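S.K.: Please see the structure below; I have some questions.
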Amino acid sequence: MEKLYTNETQAIFWNNNASAIQRMLDYDYTINRKTPSVAAIVAPTAESKFQKFFWGPDEIMINLYKNTAAAKKAYPNADVLLNFASFRTAYDVTIEALELGGFSSIMVTAEGIPERLARVMNQAARDKNVTVIGPATVGAIAPGGFKIANIGGTIENIIQSKLHRCGSCGLVTRSGGLFNELSNIISINADGIAEGVAIGGDRFVGSVFIDNMLRMEKNPDVKYMVLLGEVGGTEEYKVIEAVKNGLIKKPIIAWCIGTIAKHFSTGVQFGHAGASANADAETAVYKNQAMADAGFYVPTSFNELPNKIAEVYGKLKAEGIIGEIAEPTLRNVPKVRRSKEFICTISDDRGDEATYAGFPISSVATPDTGKGIGDVISLLWFKKQYPKWATEFIETVIKTVADHGPAVSGAHNAKVTARAGKSVVESLVTGLLTIGPRFGGAIDGAAEHFKYANDNNLTPAEFLNHMKKLGIPIPGIGHRIKSLRNPDLRVVGLKKFAAEHFPATPLLDYALTVEQLTTSKKDNLILNVDGTIGILMVDMWRALGYSEEEINEFISSGTLNAFFIAGRTIGFIGHVLDEKRLAMPMYRHPMDDILYQVDMAEEIE
Ligand code: ACO
Ligand code: LMR
C-alpha cells in the first residue's frame, strides 16, 4: 500500500458516534469530496435503518446496520473500519472484521483494551496484512482526501493547519494532542502534511512508527517525514535500522519527548500507557542521540523543532524536491442548517422533468420506451429495474385482479356509496376499505404463512394443524364460488405464466401440496387468487435475488396486498363510473332480504 487513504476511501464506522461522523462529513464537503467518507454505520442496538447527516447545506442518509458483516455486504468497497467500540467490545469488533476480510486498515480508538488482547489483535492484523491504527488514538488523516473523526479538530483549525489539502510532510506521532500541535507547526514552518498518523499511546499498538514510515517512503506525495516519539519503548530503533539499511531514504526530522525524565531519580510514567522507560535505551535522551547519530534531523529541544522543520523544508524547496502547492477552492459549511422533516427516496421533481427512481418520466411513459406499468411499479415500489419476466408478471397480476364483477364485497360497497351521491374518490375509497383478510387482502398473509411452513419444512398436515392452533383460516385458501369443479381461471392463468417464465416456483409447488389436502376436505378450499399471487411473488423475489430478510420485510409492510389494491382500483372506479353513467338512484336494501329478529331490550336496574 502506497497511500493509507485517498479521496475515494470510504469507511464503515462502528458505533453511531454522530458528532464525529458529522465532522468527517463536514471535512469531506469542505474539501470537495464526491462521496461521503463514511459509507455505512454499524449500530447494533439502533431501531432505525439510517441516520441523517448534513452534507454542506443539504442532508444525506447513511444506512445503519446491526453488524459489520451486513454493512460490509452492502458496501464491499468500504475498506476502512473505524472501530469506535468501547474498550470492552473493540477487540471483538476488530477480530470479526479481520475474519470478514476486505479491510485494508482498521482504526481502533478505545483506550484500555487489555494488553494481552491488544497483542493478539495486532498480530492477527499483521498476519492478514491489515494496517491497524491505534488502539488509544485519534486516528489518521490524508489531507485533501480522508480524515478520521476528530483528528485535526474543528474545520477552522483544520484549514488553519493546512489539513484541507495535501502538503509534503509525512507525520507520525503517538499522541493525538501533539499530532494537532505538530500539524499546526508544520503548516507555519512548511507547506502542511501529506499523510499523518497518530499511532496511539498504548504500550501495544497495531502499526508502529516503522510500518507507517515505510509506507510514507513509498508515497510520492511525502517528501520528508516528521517523527515525534516519546520516552518508553524501542520502536524508534526500527526506524533507525531502516534508514541504515537504505529502506528509508527520505529526510526525517525527529524528536522524542520526555527528555525531562532524566531529572527524576526514579522511573516516571508519562501520560500514555507506553510512555515510561524500562532501560537506558528507552529514554528520550538516548533515543534522540541514536537518531541524530543515524543522520536524522534532531533539534536540540522540542522548542527548536519548528526551526528544524523550516530548515529541512527550505532545503528541499531550494533543491526543487518540493514545489508550490496550489490552494484548492473550498466549499463553506453553513453555520446554520435546518434538518428536513420529510424524506423521499423514490422520485424527484426538482429538475426539468420528474424522475421515477432516477428515470425521467418520459423514459418510461410512452409505448416507444418499451416500458409498462410493471416497470413503473418496480421503480416506484422497489427502486429497482426488474427483468422483463418479472415486470410482465406484475402486469399480469394487476390485470388479473382488476375486477371480479359487481357482487364482490368491495365493488358492492363502492356502488352503494356512488348511489348515495358520493364522488368518485369517496366511492373508490369505500371500496378499497373493504379489502382485508377475507377479501383481496389475504395476499400478505398467504405469503407469510406458506413461507413460514415451507421454511420450517412443515408437511401439509402439520401446516394445517399449525394454522388450526393459531385459530385463523389459511390465508389464500378457499373461495365462495370457485372450487375444484368450478376452477378459478385467473389462478390457472397465473400458474401458467409462472410455469413458462419463472426460473423456479418452489413455494407454489409446496402450496399445491397443501391445496391437495384442503380440497380433499372440501372442494372449494382451493388455492385462491390471493394465495397464488402472494406465493408467486415470494418465488419471484427469491429468483430476483432478494434475501429472506428483505422478503419478510415486504410481507410485513403490506406490499403484497398493494398489488390487489392497485389492480382492483381500476375495477372499483369502473363500477363507480357505471353508477354515475346510469344515474342510479340511492340504494336501499330490500327489507325482505334481511332477517329481523329484534327483541324488546331488557331493563337493567
Ligand atoms: N382455511 C381453512 N379452512 C377453511 C378456510 C381456510 N382458508 N376457508 C374455509 N375453511 C373452512 C371453514 O373453517 C369451514 O369449515 P367447517 O365447514 O368445518 O366449519 C368451511 O371451510 C367453510 O367455511 P366458510 O367460511 O363458510 O367458507 P366460505 O366459502 O364462505 O369462505 C373465504 C370463503 C371467506 C374466502 C374463506 O375461505 C377464507 O376466509 N379464506 C381465507 C381468506 C382468503 O384467502 N381470502 C381471499 C379470497 S380471494 C379474494 O378475495 C380475491
Ligand atoms: C375477487 O376477486 O373479488 C374475489 O375472488 C372475491 C369473490 O368473491 O369473487
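S.K.: Over the Cα atoms of segment 141-265, each weighted equally, I'd like the Debye log10 I(q)/I(0) at q = 0.11 Å⁻¹, rounded to two decimals.
M.R.: -0.36
S.K.: Around Val408, with a cut-off of 15 angstrom between Cβ atoms, what is the net charge of the other residues, counting Lys and Arg +1 and Asp and Glu -1?
M.R.: +2
S.K.: With point charges of +1 on the Cβ of Lys and Arg and -1 on the Cβ of Asp and Glu, referenced to the Cα centre of segment 11-318, which listed residue (Gly200, Ile210, Asn288) lies farthest in the positive direction of the dipole?
M.R.: Ile210
S.K.: For segment 11-318, what does the equivalent ellipsoid look like in terms of its semi-axes, each the square root of 5 times an eigenvalue of the Cα gyration tensor, given largest first in whole Å?
M.R.: In descending order the semi-axes read 33, 23, 16 Å.
S.K.: List the pair-distance distribution P(r) of the chain, using every Cα-Cα distance, as the percent of pairs falling in each 10 Å bin from 0 up to the bin containing the longest distance, rounded to whole percents.
M.R.: Percent of Cα pairs in each bin: 3, 13, 18, 16, 13, 11, 10, 8, 5, 2, 1, 0.
S.K.: To the nearest 10 square angstrom, what accessible area does Ile361 show with a 1.4 Å probe?
M.R.: 50 Å²
S.K.: Per DSSP H run of n ≥ 4, the term is -39500 (n - 2.57); total these for the chain, divide by its residue number, and report the mean residue ellipticity at 222 nm rounded to 500 deg cm²/dmol.
M.R.: -13000 deg cm²/dmol
S.K.: What's the Cα-based Rg to Rh of segment 529-605, Rh via Kirkwood?
M.R.: Radius of gyration over Kirkwood radius for segment 529-605 works out to 1.30.
S.K.: With a cut-off of at most 16 other beta carbons within 10 Å, and DSSP calling the residue loop, which trypsin sites (Lys or Arg not before Pro) in segment 320-401 qualify? Please list them.
M.R.: Qualifying residues, ordered by number: Arg331, Lys335, Arg337, Arg338, Lys340, Arg350, Lys383, Lys384.
S.K.: Let me ask you something else. Near the amide H of Val130, under 5 Å away, which other amide H atoms are found, from residues 5 or more places off or on another chain, if H is placed in the peptide plane?
M.R.: Residues meeting the criterion, in which the H sits 1.01 Å from N, do not exist here.
S.K.: Still on this model: Would you mind counting up the charge near Leu247? Only other residues with Cβ under 11 Å from its Cβ, with Lys and Arg at +1 and Asp and Glu at -1.
M.R.: Once all neighbours under 11 Å are counted, the net charge is +3.
S.K.: Give me the angle, in degrees from 0 to 90, between the Cα long axis of helix 373-382 and the longest principal axis of the Cα atoms of the chain, rounded to the nearest 10.
M.R.: Tilt relative to the chain: about 50 degrees.
S.K.: A follow-up question, please. Compute from the Cα atoms of segment 409-582 the Rg and the Dmax, the latter being the longest Cα-Cα distance, and quote both in angstrom.
M.R.: Cα only, segment 409-582: 17.2, 54 Å (Rg, Dmax).
S.K.: Could I ask something else about it? Angle, helix 506-521 long axis vs. longest principal axis of the chain, Cα atoms, 0 to 90°, nearest 10?
M.R.: On a 0 to 90 degree scale, this one is about 30.
S.K.: Something else: Just to verify a number: FRET efficiency for Asp578 and Asn307, C-beta to C-beta distance, R0 = 60 Å, to 0.05?
M.R.: E(calc), rounded to 0.05, equals 0.05.
S.K.: Another one. Name the residues whose placed amide hydrogens come within less than 5 Å of the amide hydrogen of Gly167, ignoring near sequence neighbours (fewer than 5 apart) on the same chain.
M.R.: Ile193, Ala194
S.K.: Then there's this: As a test of reading the structure, rank Ser547, Ser556, Ser48 by solvent-accessible area (1.4 Å probe, protein chains only), most first.
M.R.: Ser556, Ser48, Ser547
S.K.: Still on this model: At 1.4 Å probe size, with no ligands or nucleic acids counted, give the accessible surface of Phe204 in Å², nearest ten.
M.R.: Result for Phe204: roughly 60 Å² accessible.
S.K.: Go through Glu605, Glu236, Glu59 and list them by solvent-accessible area, largest first, probe radius 1.4 Å.
M.R.: Glu605, Glu59, Glu236
S.K.: Here is a follow-up. Rolling a 1.4 Å sphere over the protein heavy atoms, what is the accessible area per residue of segment 280-389, to the nearest Å²?
M.R.: Here the residues of segment 280-389 average 65 Å² of exposed surface.
S.K.: Determine ³J(HN,Hα), in whole Hz, for all residues of segment 133-149 in sequence, where each value follows from phi through the Karplus function 6.51 cos²θ - 1.76 cosθ + 1.60 and θ = phi - 60°; x replaces Gly and Pro.
M.R.: 9, x, x, 6, 9, 8, x, 7, 8, 10, x, x, x, 7, 10, 8, 6
S.K.: Work out Dmax and Rg for segment 1-80 from the C-alpha atoms and quote the Rg first, both in angstrom.
M.R.: Looking at segment 1-80, its Cα Rg and Dmax stand at 12.3, 39 Å.
S.K.: A follow-up question, please. Rounded to whole Hz and in sequence order, give me ³J(HN,Hα) for segment 41-50 from the Karplus expression 6.51 cos²θ - 1.76 cosθ + 1.60, θ = phi - 60°, writing x for Gly and Pro.
M.R.: Rounded to whole hertz, the list is 10, 9, 9, x, 9, 5, 7, 7, 9, 8.
S.K.: Once both axes come from the Cα atoms, what is the angle between helix 305-318 and the longest principal axis of the chain, in degrees from 0 to 90, rounded to 10?
M.R.: Orientation of helix 305-318: about 90 degrees from the principal axis.
S.K.: In addition: Go through Lys162/Lys223; Lys384/Lys451; Lys218/Lys250 and tell me which ones have a Cα-Cα distance over 18 Å in this structure.
M.R.: Violating the 18 Å limit, Cα to Cα: Lys384/Lys451.
S.K.: Would you kindly work out the equivalent ellipsoid of segment 277-389 from its C-alpha gyration tensor and give its semi-axes, the square roots of five times the eigenvalues, largest first in whole Å?
M.R.: Sorted largest first and rounded, they come to 65, 21, 18 Å.
S.K.: Here is a follow-up. Which percent of the accessible area of the chain is formed by carbon and sulfur heavy atoms (probe 1.4 angstrom)?
M.R.: 54 percent
S.K.: Can you tell me what the convex hull of the Cα atoms of segment 59-119 projects to on average, as an area in nm²?
M.R.: 4.8 nm²
S.K.: Binning at 10 Å from 0, report for segment 15-55 what percent of all alpha-carbon pair distances ends up in each bin.
M.R.: All Cα pairs considered, the percentages come to 29, 53, 17, 1.
S.K.: Leaving ligands and nucleic acids out of the surface, order His449, His412 by accessible area at 1.4 Å, largest first.
M.R.: Accessible-area ranking of His449, His412, largest first: His412, His449.
S.K.: A further question on this structure: Can you work out the Karplus-derived ³J(HN,Hα) for every residue in segment 290-299? Use 6.51 cos²θ - 1.76 cosθ + 1.60 with θ = phi - 60°, whole Hz, and x for glycine or proline.
M.R.: Each residue's phi maps through the Karplus curve to give 4, 6, 5, 4, 7, x, 6, 7, 10, x Hz.
S.K.: Antiparallel DSSP bridges in the chain: what percent, to the nearest 5?
M.R.: 30 percent
The values are calculated or read from the model by the stated rules, or taken from the named source; none is laboratory data. Given the structure is predicted, the values throughout are model-derived calculations rather than measurements. With ideal geometry, Cβ positions are generated from the backbone for all residues, glycine too; neighbour counts draw on all protein chains shown. For the accessible areas, the whole protein counts, side chains as well, though only heavy atoms, and no ligand, DNA or RNA atoms are used. Shrake-Rupley method; radii C 1.70, N 1.55, O 1.52, S 1.80 Å.
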